[in-house]
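Single-structure report; data block below.
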Amino acid sequence: MKKLVACLFTCAVILTGAVSLEASDDVIKIGVLAKRGPEKCLKKWMPTAEYLSEKLGKTVRIQPLKFDAVPLFLKNKKIDFFLVNSSMFCDMKNQFGGRAIATLKNARQGNALTKFGGVIFVKADSPIKTIQDIKGKTFMCVKKSSFGGYQMALREMKMNGVDPENDCPVFKEAGTHDKVVEMVLKGVIQVGTVRSDTIERMVAEGKLKMSDIRVIHQQKDDFPFVHSTQLYPEWPMASCADTDPELANAVADALINMPPDSPAAKAGKCLGWIKPLSYTQVENLLSTLNLGSFASAE
């Protein structure tokens, strides 16, 4: 199986032009943020390209992109659509234009979710009770560029007078959501933040019990997973500034009508797509935190 995946990946790299900026003009190209590497990206999203190819009667291919490659491909107009996390979408839209054409309907433990949040948590026996108590404590996030794994929590903390990068004697990036949880449970780090559904997933996997942790600043609403922040819209599929509007509408229609039990939805670990939600809330977060292209000019 590993050899088969590797072979598919090698073929896809050649087909999508992942080794260069060059690509055929008669192919519809979707740039996808490959946060876990190109091989996993292709395995997850190639069925969506195949689904769109069938619906549109045109060849659609996936272009895995690292974080720093996304603006390069947009600037050089080498992709027609892009699928990145919500905060990166707003940053790229602000720099290069484009528009959201559909929002992902994520599948999480039997739930269909179009929004998600961030969780700030400590060990159950920790004396830390409030966001203000985080000052002077050791802190870990997934990565500074992670929307659900840091930026959401950062906004909540700053609104409550806490800046973990300056107020905590130790501030670390774990790289993965699971590692943040593991470091807090081991007592290596006192406070952690991850995206919503991480805790419940790890509970389902037998890695911890809900009683092992305490959520700080927990929000009370009908969202099925614990969270400490506002809820923000899931990843959008976006068309680039120069993409033909008719093509963009056709892709949007195909995505929104994707059956939840289709091979594409199953591979993407989702239940399909919905009409695009508003991303103004995400833009407000970036402006408030002075992140990316939303940073105030000095």
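The values are calculated or read from the model by the stated rules, or taken from the named source; none is laboratory data. Remember, predicted model here, so these are calculated numbers, not experimental data. When we count neighbours, we look across all protein chains shown, and the Cβ atoms used for this are built from the backbone with ideal geometry, even at glycine.
Odds and ends about this structure:
- Within the range 251-298, restricting attention to residues that are assigned to a helix (DSSP H, G or I) and of a type in the set (Val, Ile, Thr), the residue that is nearest to residue 70 (Cα to Cα) is 282.
- Qualifying residue in the range 90-111 (condition: charged (D, E, K, R), part of a helix (DSSP H, G or I) and farther than 28 Å from residue 189 by Cα): yes
- Answer residue from the range 99-152, given it is more than 22 Å from residue 172 (Cβ to Cβ) and either more than 15 Å from the chain's Cα centre (by Cα) or free of Cβ contacts under 8 Å to residues at least 60 places away in the same chain (or both) and is surrounded by the fewest Cβ atoms within 10 Å (Cβ to Cβ) among those: 110
- Pick from the range 259-287, criterion among the hydroxyl-bearing types (Ser, Thr, Tyr) and loosely packed, with under 14 Cβ neighbours inside 10 Å, ranking: nearest to residue 101 (Cα to Cα): 278
- Annotation: residue 163 fulfils all but one of (1) over 28 Å from residue 37 (Cβ atoms); (2) buried (at least 18 other Cβ atoms within 10 Å of the Cβ); the unmet one is (2).
- Residues considered: 213, 199, 189, 256. Of these, the only one that is under 21 Å from residue 93 (Cβ atoms) and crowded, with 16+ Cβ neighbours inside 10 Å is 256.
- Single match in 211, 228 (criterion: among the hydroxyl-bearing types (Ser, Thr, Tyr), touching a His at 6+ places or on another chain (Cβ under 6 Å) and either closer than 24 Å to residue 283 by Cα or not assigned by TED's automatic domain parsing to the domain that holds residue 70 (or both)): 228
- Residue satisfying condition, being at pLDDT below 95, touching a helix residue (DSSP H, G or I) at 6+ places or on another chain (Cβ under 6 Å) and in the same structural domain as residue 248 (by TED's automatic domain parsing), within set 85, 94: 85
- Any hit, the range 43-60, residues being surrounded by 16 or more Cβ atoms within 10 Å (Cβ to Cβ), of a type outside the set (Phe, Trp, Tyr), closer than 30 Å to residue 192 by Cβ and under 15 Å from the mean Cα position of the chain (by Cα): yes
- Tally, over the range 210-238, of residues that are in contact (Cβ under 8 Å) with a residue 40 or more places away in the chain and part of a loop (DSSP other than H, G, I, E, B): 13
- Residue count for the range 234-286, restricted to those that are of a type in the set (Val, Ile, Thr) and at positive phi: 0
- Residue that is farthest from residue 295 (Cα to Cα) [pool: residues in the range 70-89 that are hydrophobic (A, V, I, L, M, F, W, C) and either in a strand (DSSP E or B) or free of Cβ contacts under 8 Å to residues at least 24 places away in the same chain (or both)]: 81
- Which numbered condition residue 63 misses (of (1) within 19 Å of residue 274 (Cβ to Cβ); (2) under 22 Å from the mean Cα position of the chain (by Cα); (3) modelled with pLDDT of 95 or more): (1)
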